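The structure under discussion appears below in the form of C-alpha cells.
What follows is calculated from the coordinates using simple rules that are stated; it is not laboratory data. Owing to the predicted nature of the structure, the values given are computational and were not obtained by experimental measurement. Ideal geometry is used to build each Cβ from the backbone, glycine not excepted, and the neighbour counts take in all protein chains shown.
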Amino acid sequence: MLIDMHLHERTHSPDSMISLEEIVTVAKARGLDAVCITDHDSMGLTQYAAEYAKQVDFPIFVGVEFYSLQGDVTAWGIDSFPDHRVDAQDFIDHVNHHGGFCVSCHPFRNNNRGLEDDLKRVHGLHGVEVLNGSTSLEANRKALQYCQELGLKPIGASDAHVYEKIAKYVTWLPEQVFTQADLIAQLHACNPKPAIWNGLSYDIVDTF
C-alpha cells in the first residue's frame, strides 16, 4: 500500500491551507490507499477524520507532529501528549510506553525544528523522514544517511500545507491496513520504503 504519512489540515494547523476533502481527493487520484493527518501539536481532527473516512470509504489516520525541545517528532498510537514542550526523549518514551510509533520528521531542514544530530542521542525512535516534501534534496539525503547508519525505518511524506504538495512523497508498505492499530503494527514489523511521485505513478526507492 501507499500512504502519505505527514499532512497538515487547515482546521488545526494554522499554517495549512488545505482541507481534509482536498487531501483525500488528491490521494485517491494518485492511487494512495490511506493518509495520515499530523497537525502541529494537535489531534483535534480525530473525530471528524473518523467520520469522514467512513463517508468516503478511505482510511484516514490521525497522529501528531509534536514540537519537542530538540525538534519535531511525528507519532501515532497515543491518545494524549504533553501540553508544553518537553525533551524529545521524554516524548519518545511516552510514545513507546503506549505502544505507538514515532518518526523524526525533516531532521535537517534549515528551520531549527529538526532533531539534527540529536538523532544519535535519543533512544527508542522508530523511523526517520528521509523524503520530506518541504525539505531540500540535500537535507533529505542527509536524513537518509543518518537513517541507514542508525538502522531506523525510512519514511516518505509530503508534509503538505498547500494543495500542490499533497502526496509528493509517500511511504510504501507491503500490506494494506484499515485501522491505525494495524498501521502501527505493520510499521513496527515491516521494512517500509519511501516513494516519489513522478507525474504518472510512484517510484519506490532505496536511495535518491
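Can you report the number of residues in the stretch 166-198 which are in a helix (DSSP H, G or I) and buried (at least 19 other Cβ atoms within 10 Å of the Cβ)?
First, pick out the residues of the stretch 166-198 that are in a helix (DSSP H, G or I): 180-189.
From what's left, buried (at least 19 other Cβ atoms within 10 Å of the Cβ): 180, 183-184, 187.
Selection size over the stretch 166-198: 4.
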*Spot the failing condition for residue 203; the list is (1) buried (at least 21 other Cβ atoms within 10 Å of the Cβ); (2) assigned to a strand (DSSP E or B), and only one is missed.*
(1)
*Scan of the stretch 133-160 for residues that are assigned to a strand (DSSP E or B) and under 22 Å from residue 89 (Cα atoms), ordered by number*: 153, 154, 155
_For the stretch 86-112, give me each residue that is in a loop (DSSP other than H, G, I, E, B) and within 28 Å of residue 198 (Cα to Cα)._
105, 106, 107, 108, 109, 110, 111
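Considering each of 59, 107 in turn, give the residue that is crowded, with 16+ Cβ neighbours inside 10 Å and either basic (Lys, Arg) or under 14 Å from the mean Cα position of the chain (by Cα) (or both). Full working, then the answer.
Numbers: 59 fails: either basic (Lys, Arg) or under 14 Å from the mean Cα position of the chain (by Cα) (or both).
After ruling out the rest, the residue left standing is 107.
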*Would you please list the contacts, defined by Cβ atoms under 7 Å and residues six or more apart or on different chains, that run from a residue in the stretch 72-85 that is without any contact (Cβ under 8 Å) to a residue 60 or more places away in the chain to a residue that is of a type in the set (S, T, N, Q)?*
73/104; 85/68
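Which one of 71, 77, 31, 44 is at positive phi and out of contact with any Gly (no Cβ under 6 Å at 6 or more places or on another chain)?
Details: 71 fails: out of contact with any Gly (no Cβ under 6 Å at 6 or more places or on another chain); 77 fails: out of contact with any Gly (no Cβ under 6 Å at 6 or more places or on another chain); 44 fails: at positive phi.
Exactly one of 71, 77, 31, 44 is at positive phi and out of contact with any Gly (no Cβ under 6 Å at 6 or more places or on another chain), namely 31.
Name the residue, out of 66, 81, that is crowded, with 16+ Cβ neighbours inside 10 Å, of a type in the set (Phe, Trp, Tyr), touching a helix residue (DSSP H, G or I) at 6+ places or on another chain (Cβ under 9 Å) and part of a strand (DSSP E or B). I'd like the intermediate steps shown before the answer.
Numbers: 81 fails: part of a strand (DSSP E or B).
The unique qualifying residue is 66.
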*asked:* Looking at (1) of a type in the set (Val, Ile, Thr); (2) within 19 Å of residue 179 (Cβ to Cβ); (3) assigned to a loop (DSSP other than H, G, I, E, B), which one does residue 35 not meet, given that it meets all the others?
replied: (3)
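Being out of contact with any Gly (no Cβ under 9 Å at 6 or more places or on another chain), among the charged types (D, E, K, R) and touching a residue at least 40 places away in the same chain (Cβ under 8 Å) is the requirement here; does residue 138 meet it?
No.
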*Out of all the residues in the stretch 38-63, which are part of a loop (DSSP other than H, G, I, E, B) and touching a helix residue (DSSP H, G or I) at 6+ places or on another chain (Cβ under 9 Å)?*
45, 58, 59, 63
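Each row is one residue, and each column tells you yes or no for (1) basic (Lys, Arg); (2) in contact with a helix residue (DSSP H, G or I) (Cβ under 8 Å, 6 or more places away or on another chain); (3) crowded, with 20+ Cβ neighbours inside 10 Å.
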residue: 90; (1), (2), (3): no, no, no
residue: 94; (1), (2), (3): no, no, no
residue: 97; (1), (2), (3): no, no, no
residue: 119; (1), (2), (3): no, yes, yes
residue: 155; (1), (2), (3): no, no, yes
*If you go through the stretch 91-103, how many residues are of a type outside the set (A, V, I, L, M, F, W, C) and in contact (Cβ under 8 Å) with a residue 40 or more places away in the chain?*
2
